[in-house]
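For reference, the structure is listed below as structure tokens.
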Amino acid sequence: FDASELPPSDVVAIQLQGEHRIVVRPSGTEPKLKLYLDIWVRLENVVEIRAARLDARDLAARLAAAIAIQLGF
């Protein structure tokens, strides 16, 4: 991922271990922050896609829970 290819914006991208990242940006219409989780799972073949989706969802859920704890939610 090359951030220089993106248009300028008010975001903070936190690169995590591997290719995962957290992107934080302000809402354009409400007084709140939005967090996005980018989870990457490499596939050796198409047959693994179902298991990879489940692994990615599990990792995203664990990461979201950890972030919520750190933010006091």
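Can you give the Kirkwood hydrodynamic radius for the range 8-73, in Å, rounded to one decimal and based on Cα pairs?
13.5 Å
Using Cα atoms only, what is the angle between the long axis of helix 49-71 and the major principal axis of the chain, expressed in degrees (0 to 90) to the nearest 10?
30 degrees
Would you calculate, for the chain, the mean residue ellipticity at 222 nm contributed by helices, counting each DSSP H stretch of 4 or more residues as -39,500 (n - 2.57) and dividing by all residues, to the nearest 500?
Rounded to the nearest 500, it is -11000 deg cm²/dmol.
For Leu16, enumerate residues with amide H under 5 Å from its amide H, sequence gap 5+ or separate chain, H modeled in the peptide plane.
Close amide H contacts, sequence-distant or interchain: Arg21, Ile22.
Suppose every Lys and Arg Cβ carries +1 and every Asp and Glu Cβ carries -1, with no other charges. What dipole size does the range 4-66 come out with about its Cα centre, to the nearest 20 debye?
Charge dipole, the range 4-66, about its Cα centre: 220 debye, nearest 20.
None of the figures in this text is laboratory data; all of them are computed from the coordinates on show. The structure presented is a predicted model; accordingly, all values stated were derived computationally and were not measured. Using ideal geometry, Cβ is built from the backbone for each residue, glycine included, and neighbour counts are taken over all protein chains shown.
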